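Okay, structure first, notes after.
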Amino acid sequence: MNSETKSVAYAFVANGVQIYLGDDDNKFVTSKLVCNNCGGPWYMNLTECFLCGSINKFLFRCQDCEEFVSITNSSRVCGNCGSKKLYLTCPNNDCISNKNKELSGEINKLGGVFNKLSGFLIAQQYCLNCGSQEHIYKNYIIRVITTTSDVLSTNEILLNSSEWEIDSYVILRLKRKDKIRYSVFKAADFNGKRIELEEIYDNFSKVVEFLYPILVQNGSNSSQ
C-alpha cells in the first residue's frame with residue numbers, strides 16, 4: 001500500500017472506522033457498526049445496566065456520601081468524604097439495584113452493577129440517537145486517487161471500473177501546494193464519464209460523514 005492510500009486508511013481509523021487490508025494494495029475495506037435505523041454509531045465498549053437499561057457512566061459512586069468519583073482515581077478514595085467504599089453502581093437512583101438495599105449490598109460485594117465480574121451489565125441494546133435495537137456493520141471498498149485537477153476522466157485514473165464491486169467508493173485526494181482536500185464518488189460514476197469535483201471537503205471527517213451519515217431525529221438526512 002502506497003503512503004497516500006495508507007494515510008487515508010488511517011484517517012478512517014482516527015475517525016472511529018475500522019479498516020481491513022487485503023491482497024490488493026490499491027484498495028481496502030472500511031467497516032463501522034451503526035444503527036440500522038438512523039446510522040448512529042453503535043459502541044462495542046458501551047454497557048447498560050441489566051436491571052434498568054441505564055448507560056454506564058464509567059464512574060465510581062461512594063456508598064457513604066453518594067458522590068460520583070472518576071474511575072481514573074487510582075487511590076480509590078472519595079475526595080468528598082474520604083471513604084474507600086467506591087462501587088461501579090447504576091447511575092439511575094430509581095433502579096432496583098439502588099432502591100433495594102439488600103440487593104444493593106449483594107451487588108456491591110461484586111464491585112457494583114458495572115463491575116465486569118458482577119453479571120449485571122450487558123452490551124449496548126438501544127441506539128443512543130433513535131432508540132432502535134437493530135444494528136449492522138456498514139462496509140465499503142475504498143480506492144484512493146491523488147490528483148491536482150478538478151476534472152478527471154476514467155482513462156486518467158488507470159483503473160478498470162468493471163472490477164469494482166457495488167459498494168466501492170473512490171476517495172480523491174486533491175493536492176494543491178501544501179493543502180490536501182477530499183472528494184468522494186461511487187466507483188460506478190467513473191464508468192465512461194468525466195467527473196467534475198463539485199463537493200470538496202477540507203476536513204476528512206466530512207468524508208466519514210458522507211459514507212456514514214446519521215439520520216437526525218426529526219427525520220431529515222444530513223448527507224447522501
Test each condition in (1) closer than 22 Å to residue 15 by Cα; (2) open to solvent by less than 60 Å² (accessible area, probe 1.4 Å); (3) assigned to a loop (DSSP other than H, G, I, E, B); (4) free of Cβ contacts under 8 Å to residues at least 40 places away in the same chain for residue 39 and report the one that comes out false.
(4)
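Specify which of the listed residues (70, 74, 83) is farther than 17 Å from residue 109 by Cα and open to solvent by less than 70 Å² (accessible area, probe 1.4 Å). Even if it seems obvious, please write down each step before you answer.
Details: 74 fails: open to solvent by less than 70 Å² (accessible area, probe 1.4 Å); 83 fails: farther than 17 Å from residue 109 by Cα.
Testing whether each residue is farther than 17 Å from residue 109 by Cα and open to solvent by less than 70 Å² (accessible area, probe 1.4 Å) leaves just 70.
Take the residues in the stretch 95-116 that are part of a loop (DSSP other than H, G, I, E, B) and over 16 Å from residue 48 (Cβ atoms), then tell me which one is most open to solvent (accessible area, probe 1.4 Å).
Applying the first criterion (part of a loop (DSSP other than H, G, I, E, B)) to the stretch 95-116 yields 95, 100, 109-116.
Restricting the remaining residues to those that are over 16 Å from residue 48 (Cβ atoms) gives 100, 109-111.
Working: 100: 63, 109: 153, 110: 80, 111: 17 Å².
My answer is 109.
Considering only the stretch 45-84, state which residues are of a type in the set (Val, Ile, Thr) and touching a residue at least 40 places away in the same chain (Cβ under 8 Å). Please lay out each step first, then the result.
Step one: list which residues in the stretch 45-84 are of a type in the set (Val, Ile, Thr), which gives 47, 55, 69, 71-72, 77.
Answer for the stretch 45-84, where residues must be of a type in the set (Val, Ile, Thr) and touching a residue at least 40 places away in the same chain (Cβ under 8 Å): 47, 55.
Sort out for me the strands (runs of 3 or more DSSP E) sitting completely within the stretch 117-224 that have 1 or more residues that are open to solvent by 30 Å² or more (accessible area, probe 1.4 Å) and at pLDDT 75 or above.
Numbers: elements: 121-123, 135-147, 151-153, 168-176, 179-186, 194-196.
Of the strands (runs of 3 or more DSSP E) lying wholly inside the stretch 117-224, those with at least 1 residues that are open to solvent by 30 Å² or more (accessible area, probe 1.4 Å) and at pLDDT 75 or above span 121-123, 135-147, 168-176, 179-186.
The values are calculated or read from the model by the stated rules, or taken from the named source; none is laboratory data. The structure presented is a predicted model; accordingly, all values stated were derived computationally and were not measured. As a convention, Cβ positions derive from the backbone with ideal geometry for all residues, glycine included, and neighbour counts pool all protein chains shown. Ligands, DNA and RNA are excluded from the accessible area calculation, which covers all protein heavy atoms including side chains. Shrake-Rupley method; radii C 1.70, N 1.55, O 1.52, S 1.80 Å.
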